[in-house]
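Just below is one structure, and these are the notes that go with it.
Throughout, read-outs are computed from the coordinates displayed, never taken from laboratory work. None of these values were measured; they are calculated from a predicted model.
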Amino acid sequence: MYLLGHYLNGTATTLFFIYIVVQFLFLQSTVKLFSKQNVNFNRVLYAIVIITSIESLYCLGQYFGVFKSQNEFFVVTGSCINPNVIAQFLAITIPVFLYLLRSQYKKMILISLSIVLIALFLLKCRSAYIATIVEVLIYYCLKYDFIKWIRNPKNKSSVKSLFIVLLLVAIPTRSLGYVLKSLVYDSADLQSVPT
């Protein structure tokens, strides 16, 4: 009904139609998949990798001028108007890639992960950067039992060195974040000034 209403008003586009149909099909397939008793979660994870890779390639296409950005203020936005939405989506899928690196398709997953990380960098979303770093840290802390390693007295100097390196990375990153934030606010102020 929603789609029909937009077509009657003349506000629907082909892209909008495709988007609604794909969402409907995705919803139907998800309901059907999870209604079974024996769900193969690897299939779901590989589907997430494929969807994320397609979105990342679309972002790269926008950067290289193959596709036009939907927002005049951003070169790369993905399939949404706001690049933060796609950046958060890409960041959320990083643990799936890390988990599947143990699979038989390790090279393909690694290539896809590289494309996703490049797209994340091009989207320029600081919160996605932070989310990705935190996800990777948590994943590898759980995988390699990092807490035990920290508590081991033999690793005392390594823990101190790691802490110093983290500080050396965190302080400039914080300063860069402040500079980027002020640039965003300055550009927003310039856009609101009547000409």
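What Kirkwood radius, in Å to one decimal, follows from the Cα pairs of segment 48-122? For segment 48-122, inverting the mean 1/r across all distinct Cα pairs yields 12.4 Å.
In plain terms, if you count all Cα to Cα distances in segment 2-151 and split them into 10 Å steps from zero, the share in each step is 10, 30, 33, 19, 6, 1, 0 percent.
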